[in-house]
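Asks: The structure that follows is given in the form of structure tokens.
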Amino acid sequence: MGGGDGGDDSVLHFVFVHGASHGAWCWYKLTTLLDAAGFKATSVDLTGAGINLTDSNTVVDFEHYNRPLFSLLSDLPPHHKIILVGHSIGGGSVTEALCKFTDKISMVVYLAADMVQPGSTSSPHDSTMAVGEEDIWEFTYGEGDDKPPTGMLMKEEFRRHYYYSQSPLEDPTLACKLLRPAPLRALNGADKLAPNPEAEKVPRVYIKTAKDNLFDPLRQDRVVEKWPPSQLYILEESDISWRRVITLLFSLSRLPYSLIFSVLYLFFNYNAKLHSWFDHISSLVHYIKKSYC
Ligand SMILES: CC[C@H]1c2cc3[nH]c4c(c3C)C(=O)[C@H](C(=O)OC)c4c3nc(cc4[nH]c(cc(n2)[C@@H]1C)c(C(C)=O)c4C)[C@@H](C)[C@@H]3CCC(=O)O
């Protein structure tokens, strides 16, 4: 979804990685806007997600789960670099990709994401799932009811609150048709990476979502403290104005590279994760004026 793998090296190329149970589809608004604005935007279905045909119950290791992302990166033309964006547990996938394909990645953007330093022994997540005690999950038993679960999916009645509380109503309606069980065993392998000094040199941006009902903002703070990124953005709450955002993107497309990232986070309105458009557009415009006028 959203573009091919090669292409013109002068155009910024974003690659988007979804979180648990989601797929390439969840980036459709953003990739559409970026494409229309002249950027290149690619989103990937990890193994067993979206329209990838593998049964997610059969995906047992993290490398297998991430393979479609690795294939995309290994097929890039020589010297072509991308900006890699990961959402939620998709942050673990982008960190693994960063370690394997360091020379293909110019920047990593973690959107309310798992961001753990390769080689660190303890995860900054105090438990892997904040709402793990609640009965909001449905488990699948791909190897039989007497065996441990192989998949996990949020129950439908909880999705609007935990995943999409700030989203337009039609977004959770569509998402409910498309979510698939997350491969439990494969996700267990996230964050188990050897130290990688080269990967550490690649700039990282963290986007914190302050009205996130699933990934508690305080837990996001801990992630950021443990492995401080080059830049941190915080979105306090929601509002949306596509027309103003599109205008802004067009005006920014001629501005320097680093500034484009200041804009990127304004586009992640899906998943109820990133909001407060009006506040942030104002502060961004202020920042642009201060820096460039
Ligand atoms: C607990 C079982 C399994 C797991 C499943 C899982 N993890 C997330 C979801 C699911 C089903 C989500 O829906 C959420 C997400 O990606 O939303 C789009 C998940 C998160 N997981 C995080 C961190 C994290 N998870 C795991 C491990 C697992 N997740 C299990 C194997 C780890 C590690 C390494 O063990 C880590 C670091 C967050 C980034 C998000 C938000 C969840 C939360 O904070 O409660």
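The values are calculated or read from the model by the stated rules, or taken from the named source; none is laboratory data. Everything numeric here is computed off the predicted structure, so don't read it as measured data. Note: ideal-geometry Cβ built from the backbone for every residue, glycine included; neighbour counts use all protein chains shown. All accessible areas refer to the heavy atoms of the entire protein, side chains included, with ligands and DNA or RNA removed. Shrake-Rupley method; radii C 1.70, N 1.55, O 1.52, S 1.80 Å.
Asks: Hey, any idea what % of region 11-238's accessible area is carbon plus sulfur with a 1.4 Å probe?
Replies: Ligands and nucleic acids excluded, carbon and sulfur give 55 percent.
Asks: So, one more: Give, as a single signed number, the net charge of other residues whose beta carbon lies under 13 Å from the beta carbon of ASP103, with Lys and Arg counted +1 and Asp and Glu -1.
Replies: Value of the local net charge: +3.
Asks: Only four residue types carry charge here, +1 at the Cβ of Lys and Arg and -1 at the Cβ of Asp and Glu. Report the dipole size of region 11-238 about the Cα centre in Debye, rounded to the nearest 20.
Replies: Numbers: 21 positive and 30 negative charges, 151 e Å.
So the dipole magnitude of region 11-238 works out to roughly 720 debye.
Asks: For LYS226 and ILE51, calculate 0.36 nm times their separation in residues minus their Cα-Cα distance, and state this gained length in nm to one decimal.
Replies: 59.5 nm
Asks: Over region 11-238, average the accessible area per residue using a 1.4 Å probe and give it in Å², no decimals.
Replies: 42
Asks: Then there is this: When each pair of different Cα atoms in region 33-89 is counted once in the 1/r mean, what is the Kirkwood radius in angstroms, to one decimal?
Replies: Numbers: mean 1/r = 0.0766 Å⁻¹.
Kirkwood hydrodynamic radius for region 33-89: 13.1 Å.
Asks: Further question on the same structure: Quick one: if you take sqrt(5λ) for each eigenvalue of the C-alpha gyration tensor of region 11-238, what semi-axes come out, biggest first, whole angstrom?
Replies: Taking √(5λ) for each Cα gyration eigenvalue gives 25, 20, 20 Å.
Asks: Let me ask something additional. Rank these by accessible area, largest first, 1.4 Å probe: PHE139, PHE39, PHE158, PHE16.
Replies: Of PHE139, PHE39, PHE158, PHE16, the descending order of accessible area is PHE139, PHE158, PHE39, PHE16.
Asks: With unit charges on the beta carbon (Lys/Arg positive, Asp/Glu negative), name the residue among THR31, ALA210, THR54 whose Cα is farthest towards the positive pole of the charge dipole of region 11-238.
Replies: Most positive-ward Cα: THR31.
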